[in-house]
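Structure first, then comments.
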Amino acid sequence: MAMALSSAATVRAFSQVVAAKQTVASKARAVVTKAGSEELYVETGASTYSGNYDEALWPNWADDKSDEEITKCAEVELMHGRWAMLGCAGAWGAEVGTGINWFQAGAVCTPEDCTGIVFPGQVIPLAPEGSGFPQFYNVLAGTVILMGLSEAYRTGLTAPAFPELEVGDLHPGGEHFDPLNLAESPSFDFDRMKIAELKHARLAMLSWLGYMSQAVATNCDNPFGIGSETWPSYIEGAKGPYANWQDHVADPFVENVWKYTGLFQ
């Protein structure tokens with residue numbers, strides 16, 4: 001009986017999550033068809049908020065897709081873009097502030113020793129010297145718990161943390177995500193800001209591809225990584241994007257992509 005009740009509760013909860021997502025998808029699609037305009041997106045491509053995909057880089061990609069599928073694609077793009085913006089800023093800031101590049105940052109916290117974690121601008125250690133903290137498994141557990149809760153809230157596996165939040169809403173606003181109430185301000189163009197975020201998100205995803213390409217091209221024995229004996233994470237003294245940028249600024253005609261590809265040399 002307990003198992004039956006548990007199964008029934010699980011099915012009911014799952015049905016509620018699906019229904020909520022479909023409701024948000026319909027609302028989001030309604031917003032897509034009326035919010036913003038291509039006048040705000042004059043670059044190559046198309047805004048996911050206009051409902052017009054004739055100028056998308058992949059023509060006719062929206063054909064034969066339902067409103068829910070199109071909305072899901074737009075959501076995934078924006079989430080990837082937000083992660084890319086965080087990743088680019090974090091990788092750059094960490095290397096500037098600590099001298100540790102992003103692809104070797106994992107070596108700072110291992111099961112053998114995790115006491116070397118530092119943050120840009122840090123003036124006091126996270127724990128007293130010799131205490132053995134932070135510990136790798138504590139950091140791992142904290143990361144799993146925090147990310148797990150975040151994803152559970154986002155996907156609707158658990159009830160939203162705040163009453164004004166709705167599953168699937170990528171622009172929640174409210175007192176917790178928009179404490180200054182900028183979205184409702186007459187001097188603040190919310191639609192324009194959404195377009196600006198989308199542009200930055202797409203640029204950041206392209207930028208992160210550049211981060212990864214730089215790591216391979218300037219550190220491996222093959223600029224494309226083909227047949228390379230090792231990868232940047234395991235190369236002592238490997239240069240990150242900030243170090244490469246400093247080299248390029250110091251000598252732009254020598255330190256550039258052509259040096260590492262061997263072309264035009």
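Of note:
- Long-range amide H partners of N52 with built H, under 5 Å: none
- Residue-normalised accessible area of the stretch 141-265, given per residue in Å² at a 1.4 Å probe: 68
- In order along the stretch 111-119, the Karplus-derived 3J(HN,Hα) couplings, from 6.51 cos²θ - 1.76 cosθ + 1.60 at θ = phi - 60°, round to x, 6, 7, 10, 8, x, 5, 9, 10 Hz, and Gly and Pro are given as x.
- FRET efficiency, Y234 to N256 (Cβ-Cβ, R0 35 Å, nearest 0.05): 0.85
- The GluC sites (Glu not before Pro) of the stretch 180-265 meeting both criteria, a DSSP state outside H, G, I, E and B (loop) and at most 10 other C-beta atoms within 10 angstrom of the site's C-beta, are E229, E236.
- Phi to ³J(HN,Hα) by Karplus 6.51 cos²θ - 1.76 cosθ + 1.60 over the stretch 165-181, Hz, x for Gly, Pro: 7, 10, 4, x, 7, 8, 10, x, x, x, 5, 8, 10, 9, x, 8, 6
- Our coupling estimate for the stretch 122-130, obtained by passing each phi through the Karplus curve with A = 6.51, B = -1.76, C = 1.60 and θ = phi - 60°, is 5, 10, 10, x, 5, 8, x, 4, x Hz, Gly and Pro reported as x.
- Here the stretch 193-265 is described by how far its Cα atoms reach on the three principal axes: 44, 27, 23 Å, from widest to narrowest.
- Ranked from largest to smallest solvent-accessible area, with a 1.4 Å probe on the protein heavy atoms, E95, E39, E175 come out as E39, E175, E95.
- Rounded percent of accessible protein surface that carbon and sulfur make up, the stretch 81-227, 1.4 Å probe: 66
- Rg and Dmax of the stretch 88-176, Cα atoms only, in Å: 17.1, 46
- In the stretch 140-265, a dipole from Cβ-located charges (positive for Lys and Arg, negative for Asp and Glu) runs towards its positive end, and of L149, M193, Y242 it is Y242 whose Cα lies farthest in that direction.
- Check: the stretch 143-265 dipole with +1 on Lys, Arg Cβ and -1 on Asp, Glu Cβ, in debye: 360
The values are calculated or read from the model by the stated rules, or taken from the named source; none is laboratory data. Quick caveat: nothing in here was measured; it's all calculated off a predicted structure. Note: ideal-geometry Cβ built from the backbone for every residue, glycine included; neighbour counts use all protein chains shown. We work out accessible area using only protein heavy atoms, side chains counted, and drop any ligands, DNA or RNA first. Shrake-Rupley method; radii C 1.70, N 1.55, O 1.52, S 1.80 Å.
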